[in-house]
Amino acid sequence: MTITNEQVIDQDVLDEFMGRFIQELAAASQVPTVIIGDRLGLYRALDEVGPCTSAELATATGTHERYIREWLRGQAAGGYVSYDPKTDEYSLTPEQSFTLAQPDSPAYIPGAFLTVAAIVRAVPAITEAFTTGAGFGWHEQHPDLFEGVERFFRPGYSVNLVSSWLPALDGVVEKLTAGARVADVGCGHGASTILMAQAFPTSRFTGFDYHEPSIARATRQAAEAGLTTNCSFAVAGAADYLGEDYDLVAFFDCLHDMGDPIGVAKHVHETLAPDGSWMIVEPYANAAVADNLNPIGRLYYNSSTMVCVPNSLSQETGAALGAQAGEQAIHDVAAAAGFHDFRRATETPFNIVYHAKP
């Protein structure tokens, strides 16, 4: 034991903490280099031409060899790229390729790094908000956040939404197959809306979001996907989107961001058909705070500090449920709005899917 400033410090505990800190600081330093690798197609090129030297990768990608050499060494140090010291060549394992070089993979992760880079840009505004209690709206965040969030959540949606989440909602798939009216509220760039519209061509899907640039992006992406008849988007808030008698209203990872979630839930209740369903997809959270003190909870609490809570506080009421609100809080919102049938339909390590009916 050593005595420092009248505190008893366990040197072994301190050394362990500092070692973990160095690991995490190194991981944080990887964020910009992953984004660069993704934007320049370096991972995809390495997957196609590797094993290769830094000079060969630079030639294949039209980039400067000295930058590529340093980038590859940093990636190898982080375990994101594999290195053979005998040949001075770099490559990707199947697992590294699956997560870094294949955009359609359900485990594709570069979008998450883009999200982190975006919220760092908000540090000055959020720091001030800590002292004033003011909010910071979604629309005030850096545009990289909008792209990063879509790319972070889309892989999970693509592997779960049609195959397991919708089937977990009693009777919903049958309605969608026959032809239903669906509102996807808080749709962002429209990834969830487009996935559902592709899977159920006889149903009609409308994505709503108050953020006009996101709706413009969603509209372009739907057109690129060839969805010209059953998928559309409109600028509207969660408490005033248009339409009625919807067979399904879906909220993907956004209810906890709302300033007045109960008011929003009442609007959902008003716009549903009598036998309609409200699908609420929320970040995975346990009931007790102590049970959320794990890597997933850490990710969500920190993201919520920088995005979700400030966004809610920027709106009327400012309930600020937060990304780790948990099942009871979501149930209470639904019950206060008049939903009498509420249950946890299914879950993944990252999300919980709730099914509410009038």
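Figures for the structure shown
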{"read-out": "FRET efficiency, Val159 to Asn302 (Cβ-Cβ, R0 25 Å, nearest 0.05)", "value": "0.50"}
{"read-out": "For segment 49-64 and segment 93-108, distance of Cα centres in Å", "value": "19"}
{"read-out": "Rough spin-label spacing in nm, given labels placed 7 Å along Cα→Cβ, for Glu24 and Ala273", "value": "4.9"}
{"read-out": "Cut-off under 5 Å, modelled amide H: who pairs with Ala273 long-range", "value": "Asp245, Tyr246, Asp247"}
{"read-out": "Phi to ³J(HN,Hα) by Karplus 6.51 cos²θ - 1.76 cosθ + 1.60 over segment 50-65, Hz, x for Gly, Pro", "value": "x, x, 7, 7, 5, 5, 5, 5, 4, 5, 5, 10, x, 10, 7, 4"}
{"read-out": "Bins of 10 Å from zero: percent of alpha-carbon pairs in segment 153-357", "value": "9, 37, 40, 13, 1"}
{"read-out": "Under the Karplus curve 6.51 cos²θ - 1.76 cosθ + 1.60, θ = phi - 60°, whole-Hz ³J(HN,Hα) for segment 334-348, x wherever Gly or Pro sits", "value": "5, 5, 5, 8, x, 7, 9, 10, 9, 8, 7, 7, 6, 7, 10"}
{"read-out": "Cα shape, the chain, gyration tensor, a/c 1.5 rule", "value": "oblate"}
{"read-out": "Cα-projected label distance for Asp84 with Val235, points at 7 Å along beta-carbon direction, nm", "value": "5.5"}
{"read-out": "Cα pair distances of segment 2-99 binned at 10 Å [whole percent]", "value": "15, 40, 20, 12, 10, 4"}
{"read-out": "Rounded to 10°, Cα long-axis angle of helix 261-271 versus longest principal axis of the chain", "value": "50"}
{"read-out": "For Ala239, distant residues with modelled amide H under 5 Å away", "value": "none"}
{"read-out": "Spatial separation of Cα centroids for segment 134-170 and segment 173-248, in angstrom", "value": "14"}
{"read-out": "For Asp184, distant residues with modelled amide H under 5 Å away", "value": "Thr206, Gly207, Phe208, Ala250"}
{"read-out": "Space enclosed by the convex hull of the alpha-carbon atoms of segment 148-194, per residue, Å³", "value": "76"}
{"read-out": "Karplus 3J(HN,Hα) series, Hz, for segment 67-81 with 6.51 cos²θ - 1.76 cosθ + 1.60 (x for Gly, Pro)", "value": "5, 4, 4, 5, 4, 4, 5, x, 5, 5, 5, x, x, 8, 9"}
{"read-out": "Three principal axis lengths of segment 54-142 [C-alpha, angstrom, descending]", "value": "57, 31, 23"}
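Quick note: the coordinates plus some simple rules give every number you see, no bench work behind them. Remember, predicted model here, so these are calculated numbers, not experimental data. Positions of Cβ are generated from backbone atoms using ideal geometry, with glycine treated the same way; all protein chains shown enter the neighbour counts.
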